[in-house]
Amino acid sequence: MSKLLEIKNLSVGFDTSSGMFMAVQGIDLSVEAREVLAIVGESGSGKSVAMLAVMGLLPKSATVTADSMTFDGHDMLTMTSKRRREIIGRDVAMIFQEPMASLNPCFTVGFQLEEVLRVHMKLDKKARRARAIELFKQVGIPTPEERLNSYPHQMSGGQCQRVMIAIAIACNPKLLIADEPTTALDVTIQKQILDLLVRLQAEHGMGLIMITHDMGVVAETADRVIVQYKGTKMEEADVLTLFEAPKSPYTRALLSALPENATGDRLSTVADFMKNEAANAGAVS
Ligand SMILES: Nc1ncnc2c1ncn2[C@@H]1O[C@H](COP(=O)(O)OP(=O)(O)O)[C@@H](O)[C@H]1O
Ligand SMILES: [Mg+2]
């Protein structure tokens with residue numbers, strides 16, 4: 001597999017009244033084409049900041065440094081900001097934690113989706129509507145022709161997140177970054193959205209970075225895992241190795257927080273975990 005995104009020694013500092021605060025401290029990170037990389041760690045460990053640095057979406061108070069940052073063979077550190085926006089806008093898409101906050105309440109969801117198709121894909125009105133309907137179908141929104149005319153507040157949180165996913169995949173990105181995409185949703189809807197993301201990733205052959213604080217989500221989705229703690233990488237492993245033989249005490253602590261491990265005397269393997277998940281899902285529905 002070829003490297004899609006490769007970053008060496010990424011650091012992000014914020015200028016604060018009490019000096020420089022280092023939110024990300026020298027992280028190496030790479031994602032291959034068609035790979036699902038999970039970045040896991042508790043709240044505040046610098047997961048979002050690291051990805052916002054990749055997207056170029058951090059505020060001016062942030063200082064980003066890296067030894068190298070390449071996307072699909074392009075050197076992102078030396079390219080012009082115009083070129084970077086072109087590449088990021090088209091080939092890398094990001095889904096944020098709060099679907100309601102990410103959509104504009106003043107416009108219909110159809111307009112917001114079609115706007116992306118107009119700007120980035122240069123499609124005419126008729127082609128935009130056809131593609132919007134097709135995208136809504138892909139993300140499992142029923143009666144898409146009608147739903148395109150809805151405003152965000154007329155849709156549930158789960159439906160809004162599906163709209164966000166439709167917008168994210170609209171330009172056929174090579175890399176999708178999903179930043180805690182299910183945290184704001186009900187438990188039953190969380191599973192549906194995760195399944196949808198994994199299915200779309202496979203169907204479209206995208207690389208996917210799944211940011212989460214939840215080891216259950218890691219087990220459901222990832223090929224490879226980076227465990228992040230206070231801005232540093234504690235551990236990196238393929239998902240089976242991480243669950244079967246976690247090296248870092250922090251990883252072990254994250255794993256022991258899983259409901260299945262509440263007694264703390266045994267770490268379940270991914271296979272065990274999946275079995276439990278499947279049994280639980282069966283019990284609920
Ligand atoms: N704009 C900012 N200015 C100052 N500190 C920030 C800013 N954005 C994030 N941080 C800090 O950086 C750290 C990492 O944040 P974040 O990446 O959002 O964590 P995570 O996504 O892992 O929960 C936190 O301590 C947070 O308070
Ligand atoms: Mg975050």
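Do we find that K82 is away from ligand 2 (no atom under 16 Å from the Cβ), open to solvent by 30 Å² or more (accessible area, probe 1.4 Å) and assigned to a loop (DSSP other than H, G, I, E, B) in this structure? Break it down stepwise before answering.
Values: away from ligand 2 (no atom under 16 Å from the Cβ): yes; open to solvent by 30 Å² or more (accessible area, probe 1.4 Å): yes; assigned to a loop (DSSP other than H, G, I, E, B): no.
No: the conditions fail for K82.
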Residue identified as in contact (Cβ under 8 Å) with a residue 24 or more places away in the chain, open to solvent by 70 Å² or more (accessible area, probe 1.4 Å), under 26 Å from T212 (Cβ atoms) and away from ligand 1 (no atom under 14 Å from the Cβ) among M100, M69: M100
Matching residues, segment 169-193, being open to solvent by 10 Å² or more (accessible area, probe 1.4 Å), in a helix (DSSP H, G or I) and not basic (K, R): V187, T188, I189, Q190, Q192
Candidate set from segment 6-21 (those that are farther than 17 Å from Y229 by Cβ and surrounded by 15 or more Cβ atoms within 10 Å (Cβ to Cβ)); member that is farthest from ligand 2 (Cβ to nearest atom): E6
Boolean, L57 is assigned to a helix (DSSP H, G or I) and open to solvent by 20 Å² or more (accessible area, probe 1.4 Å): no
Number of the exception - L242 against (1) surrounded by 23 or more Cβ atoms within 10 Å (Cβ to Cβ); (2) among the hydrophobic types (A, V, I, L, M, F, W, C); (3) under 15 Å from the mean Cα position of the chain (by Cα): (3)
Boolean, V24 is within 26 Å of I169 (Cα to Cα), within 16 Å of ligand 2 (Cβ to nearest atom) and outside any loop (DSSP other than H, G, I, E, B): no
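The values are calculated or read from the model by the stated rules, or taken from the named source; none is laboratory data. Quick caveat, the model's predicted, so the values are computed rather than measured. We place every Cβ from the backbone using ideal geometry, glycine too, and count neighbours over all the protein chains shown. These accessible areas exclude ligands, DNA and RNA; they are computed on the full protein's heavy atoms, side chains included. Shrake-Rupley method; radii C 1.70, N 1.55, O 1.52, S 1.80 Å.
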